[in-house]
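Below: the structure, in structure tokens.
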Amino acid sequence: MKDFQSKLNEYAKLCVKVGINIQPGQPLVVHAPIEGVEFVRLIAKNAYEAGASEVYVNWNDEVITRLKYEYAPMEVFENFPKWYADGLEDYAKKGAGFLSISAQDPELLKGIDPKKIAANNKSSSIALKEFRNYTMNDKNTWCVVSIPTKSWAKRVFPNLSEDEAVERLWKAIFDATRMNTEDPIKAWQDHMENLKKKVDYLNSLELKSLHYTSANGTDLVVELPEGHIWAGGGAVDQNGVEFAPNMPTEEVFTMPLKTGVNGVVYSSKPLNYGGKLIDEFKLTFKDGRVVDFDAKVGKDTLADLLNIDEGAKYLGEVALVPFDSPISQSNIIFLNTLFDENASCHFALGKAYPTNIKGGEKMTEEELEAHGVNNSLTHVDFMIGTEDMSIIGETKSGEKIQIFKNGNWNI
């Protein structure tokens with residue numbers, strides 16, 4: 001039986017060798033909470049041992065973030081620091097890998113002026129637009145992983161003590177990332193190969209549309225653009241290096257036709273958006289655009305998300321995840337999109353990945369628009385999968401194929 005320290009080091013090695021797949025001479029940029037200092041040091045050690053030229057860490061602290069929102073004037077949130085965006089672009093141009101450790105108190109900004117949050121979300125999206133082109137086009141390797149923090153763990157397990165909650169969240173993360181297997185790296189390679197089989201089959205169908213229905217009221221038809229590409233598990237950067245963008249990952253995904261979404265969809269899990277929760281919400285689409293919405297929790301926050309720009313009112317991603325995925329079967333609501341999206345079929349509002357359409361990574365914004373690809377400053381996943389969800393695909397010839405039945409794969 002491996003002890004915790006052994007698992008922690010193996011997890012760091014997995015992030016470096018499979019998540020980023022660091023190459024000799026490649027810089028690595030890490031975004032991390034200060035509570036993760038021990039883990040980040042292991043990341044750095046493994047990265048340098050694998051040949052990284054430099055490991056640069058951007059630290060964040062929830063207490064300081066909260067203080068900033070409480071005391072800083074509005075103009076601070078309206079003007080994202082240019083030096084920060086320029087620094088990320090500089091590393092991207094040098095071919096760096098980007099590892100983000102997603103671990104935030106889902107209620108960090110509860111009670112904060114929503115105008116400040118909306119202003120920061122918009123200014124950061126504008127400032128980081130060029131940098132995000134590197135990751136969303138898979139020019140650079142990138143990966144999102146997670147570790148427990150005390151505040152997040154207590155939100156997930158409120159009835160446990162702080163130490164017990166952190167320990168329980170570590171166990172859940174290790175389970176979700178296959179760290180409890182004898183050889184986690186091989187387990188991940190096998191898992192990505194299994195996802196690739198689903199990807200290859202869906203691509204062979206050349207589907208025209210997907211029809212989602214569920215007893216909660218979801219009834220949505222999503223058209224797919226000509227030349228769309230399904231992806232999942234691993235990705236490949238511009239130099240042919242394979243990497244895993246999300247760990248864990250259970251999804252197979254593509255893009256919708258921007259103007260081809262019609263009907264209504266209901267959320268199935270809470271959405272943590274910028275430190276505020278949105279829950280029990282529904283979106284009504286007509287010709288791709290959200291024309292009506294409601295939420296029992298966080299309706300104002302949902303409105304701010306939809307109003308970042310015009311593209312935020314359209315879908316940019318269609319992702320299929322079985323209801324019996326390991327994360328779903330844990331029966332844990334993580335309140336963290338990295339995990340919750342891999343427990344449920346989901347969509348994303350905002351920008352589509354150009355790599356989800358043939359030749360998309362080489363197209364201009366105008367060419368992408370002409371091919372029905374949504375563009376936006378934002379990209380936010382939200383969960384819609386249920387245990388009774390049905391998804392019926394229709395091919396160009398009109399043949400109907402049951403892709404999902406009772407929330408799970410039917411192919």
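The values are calculated or read from the model by the stated rules, or taken from the named source; none is laboratory data. The model shown is predicted, which means the values in this text are computed figures rather than measured ones. Methodologically, a virtual Cβ is constructed for each residue, glycine included, from the backbone with ideal geometry; neighbour enumeration extends over all protein chains shown.
Brief remarks on what is shown
- Yes/no for GLU223 being at pLDDT 95 or above, over 24 Å from ASN246 (Cβ atoms) and of a type outside the set (Phe, Trp, Tyr): yes
- Residue count for the stretch 62-78, restricted to those that are surrounded by 12 or more Cβ atoms within 10 Å (Cβ to Cβ) and in a loop (DSSP other than H, G, I, E, B): 1
- Any strands (runs of 3 or more DSSP E) falling wholly within the stretch 239-358 and containing at least 3 residues that are assigned by TED's automatic domain parsing to the domain that holds GLU394 and under 28 Å from SER151 (Cβ atoms): 271-273, 276-286, 289-297, 346-350
- Against the list (1) crowded, with 20+ Cβ neighbours inside 10 Å; (2) out of contact with any Pro (no Cβ under 7 Å at 6 or more places or on another chain), the condition VAL290 fails is (1).
- Enumeration of residues in the stretch 104-115 that are crowded, with 19+ Cβ neighbours inside 10 Å and touching an Asp or Glu at 6+ places or on another chain (Cβ under 9 Å): GLN104, ASP105, LEU108
- Tally, over the stretch 369-381, of residues that are touching a helix residue (DSSP H, G or I) at 6+ places or on another chain (Cβ under 8 Å) and either in a loop (DSSP other than H, G, I, E, B) or not acidic (Asp, Glu) (or both): 9
- Any hit, the stretch 136-145, residues being buried (at least 18 other Cβ atoms within 10 Å of the Cβ), aromatic (Phe, Trp, Tyr) and in contact (Cβ under 8 Å) with a residue 12 or more places away in the chain: yes
- Among the candidates LEU305, LEU283, LEU277, residue that is in contact with an Asp or Glu (Cβ under 9 Å, 6 or more places away or on another chain) and crowded, with 21+ Cβ neighbours inside 10 Å: LEU283
- Applying the condition of being within 20 Å of GLU226 (Cα to Cα) and not charged (D, E, K, R) to the stretch 388-402 and asking which residue is modelled with the lowest pLDDT yields SER397.
- Filtered by the rule that a residue be buried (at least 20 other Cβ atoms within 10 Å of the Cβ) and either within 21 Å of the chain's Cα centre (by Cα) or in a helix (DSSP H, G or I) (or both), the stretch 43-54 gives ILE43, ASN46, ALA47.
- Sole exception among (1) crowded, with 16+ Cβ neighbours inside 10 Å; (2) touching a residue at least 24 places away in the same chain (Cβ under 8 Å); (3) outside any strand (DSSP E or B) for VAL57, by number: (3)
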